[in-house]
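Step one of this worksheet: look at the structure below.
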Amino acid sequence: MYKQLHNTLTVMGRDQKLGLLANGSIGVEKESLRVDLNGKLSQRPHPLKLGSALTSPYITTDYSEALLELITPPIQGVVKARDFLRNIHKFVYAQLDDEYMWAASMPCVVAGEQGIPIANYGSSNLGMMKTVYRRGLGHRYGKMMQVIAGVHFNFSMQESFWPYYQVLLGQKQSKQNFISEQYMGLIRNMQRYGWLIFYLFGTSPAICKSFLSGQPNTLEKFDSKTYYLPYATSLRMGDIGYTNKKESETGVQACYDSLPSYIECLTKAIETPCPEYEKIGVKVNGEYRQLNANILQIENEYYSAIRPKQPLVKNEKPVNALAQRGVQYVELRSLDLNLYDPLGVSEEQLYFLECFMLFCLLQQSPLIDKHERDAIEDNDSKVAHQGRDPKLKLSRVDRLSTLQDWAQEILSEMQAISAILDEQNNTSAYSRALQNQQAVVNNLALTPSARVLQDLHDNNECFFEFASRVSKQHENQLRNSDLSEKDANFFQTSVRQSVENQRQIEASDTQTFDQFLHNYFSNSASEQEVMV
């Protein structure tokens, strides 16, 4: 079953090329809600002292004005990536007054839909496009779903790996097409095994009742203010979270057979009108409610746990960037915020994820047919809602398997990769991370989701009280950790530059917003980068 993985590692070892598996790039995007001292969602604008959310490369906002997104650049090495992420946190806390960052993925005290301010990116056409897109998301799916936070893990191989690997596999297509094909294979395998991320790192087995605002649900009552499921790992990735259920009902089902098939599916969705969304209206009484009334306003509206990515140049659509330059990296989006780490993701998680990405890349990745697609969706749902049930069985291509047996099989196959990464990086951190996750598979009580429920029980806390306490502990740790003068100057310079960049964008507008949107969707927009 893992023949290609074994053969690849054997040949690379013989050729003394195992070093090509190390020194890839990783990046982290961490979302966190700003809340006031009472734990309520902040109603204040994005702090000017953090720079322009439109143009800052490191500190921006996601759906809401209160939903911070902290971004590291692509970096070689887990330690360097974590250091950069920690420095962003230190800088942000040095600028926040009477607010702190919510440590949980699931929000708590939110005063209904009206209490969620949509992100504001200024008066430029570019800024308006980002805001209108978010306005459309609110109309289509409701605002509450949009303020669920998570961590994105970005991964790419070093460039020198690809020519060698292409020869090893005997592939003759262009280098760009080969790289894209391999990343799409990684994505398919990550879909097959993505349930393991929910089990190992899910931290949302319980939520505040306020999140559901009295809506009917199938959750159980933990206490008067908390819903939960006894075996849940990540309700964020379950039925109440941000899933593709509504998109699938309107006809979107991305195909990962190849990059062209993926692009074709998303292109069709962003060009096909949707009667349900036409009822919302596009421009009503002079105000845009959404960018258009198509199945997807833009590509990013299609939620997936992992995406192929290519950085945008100027004002191109993401599908055009992928079509022209192929896949440059993959973005894993299924990580809950780690409630037990001040940065929302631990060093150990990053070591494990790098190893896991290589595992998914190096082994054979057949195309996913409808039968397997249904099994993947069923497995994800089962693990999100009942992943710690010792009787749980998951669907494989040829049989049913207990979660523990399948997980241990995967982790066992990862041992050779972790040993290689340890040797190449002169560390033992990869193997330790893997061993710790093997222990988590063997002992359900060690999962972060089990720890959350145990903490609620031991401290007699509702979810809000627990998350608030942990958030303030993280705040104290980060506020009391000094940022070096060099790093402080680096971020201050970035703040000033981002504000100036936004000013220049706003000053350079020569079109109406109507014209801007028309040109963007007809592929003839002015040379500005759109990242929404």
Restricting to the range 43-95, name every residue that is over 20 Å from Leu337 (Cα atoms) and of a type in the set (Ser, Thr, Tyr). Ser52, Thr55, Ser56
The lone exception for Tyr93 - which of (1) assigned to a strand (DSSP E or B); (2) over 22 Å from the mean Cα position of the chain (by Cα) it fails: (1)
Within the range 232-267, residues in contact with an Asp or Glu (Cβ under 9 Å, 6 or more places away or on another chain), in a loop (DSSP other than H, G, I, E, B), at pLDDT 95 or above and farther than 17 Å from Ile376 by Cα come out as Ser258
With surrounded by 15 or more Cβ atoms within 10 Å (Cβ to Cβ) and either more than 26 Å from Leu229 (Cα to Cα) or in contact with a Leu (Cβ under 6 Å, 6 or more places away or on another chain) (or both) as the only criterion, which of Leu456, Leu478 stands out? Leu478
Of the residues in the range 141-155 that are out of contact with any Ser or Thr (no Cβ under 8 Å at 6 or more places or on another chain) and part of a strand (DSSP E or B), the one that is surrounded by the fewest Cβ atoms within 10 Å (Cβ to Cβ) is His152
Pull out all pairs, ordered by first then second residue, where Cβ-Cβ is under 6 Å, the residues are six or more apart or on different chains, the first lies in the range 417-429 and is surrounded by fewer than 18 Cβ atoms within 10 Å (Cβ to Cβ), and the second is modelled with pLDDT of 95 or more and acidic (Asp, Glu). Ser428/Asp422
Can you tell me which of (1) outside any helix (DSSP H, G or I); (2) over 30 Å from Ser471 (Cβ atoms) is the one Asn338 doesn't meet? (2)
Wholly within the range 457-532, helices (runs of 4 or more DSSP H) carrying at least 3 residues that are touching a Gly at 6+ places or on another chain (Cβ under 8 Å), at pLDDT 95 or above and at negative phi: 463-479, 485-508
Within the range 157-215, can you find the residues that are more than 30 Å from Lys143 (Cβ to Cβ) and assigned to a loop (DSSP other than H, G, I, E, B)? Met157, Gln158, Glu159, Ser160, Gly170, Gln171, Lys172, Gln173, Ser174
Which of the following residues is touching a residue at least 12 places away in the same chain (Cβ under 8 Å), under 27 Å from Gly24 (Cβ atoms) and part of a loop (DSSP other than H, G, I, E, B): Leu312, Leu358? Leu312
Residue tally, condition of a type in the set (A, V, I, L, M) and under 21 Å from Tyr340 (Cβ atoms), over the range 412-450: 10
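Would you pick out the residues in the range 3-42 that are on the phi < 0 side of the Ramachandran plot and part of a loop (DSSP other than H, G, I, E, B)?
We begin by selecting, within the range 3-42, every residue on the phi < 0 side of the Ramachandran plot; these are 3-15, 17-22, 24-38, 40-42.
Answer for the range 3-42, where residues must be on the phi < 0 side of the Ramachandran plot and part of a loop (DSSP other than H, G, I, E, B): Asp15, Lys17, Ala22, Gly24, Leu37, Asn38, Lys40, Ser42.
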So Glu220 ticks every box in (1) surrounded by fewer than 20 Cβ atoms within 10 Å (Cβ to Cβ); (2) farther than 20 Å from Lys391 by Cα but one. Which box is left unticked? (2)
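The values are calculated or read from the model by the stated rules, or taken from the named source; none is laboratory data. Model, not experiment: these values are computed from the prediction. Ideal geometry is used to build each Cβ from the backbone, glycine not excepted, and the neighbour counts take in all protein chains shown.
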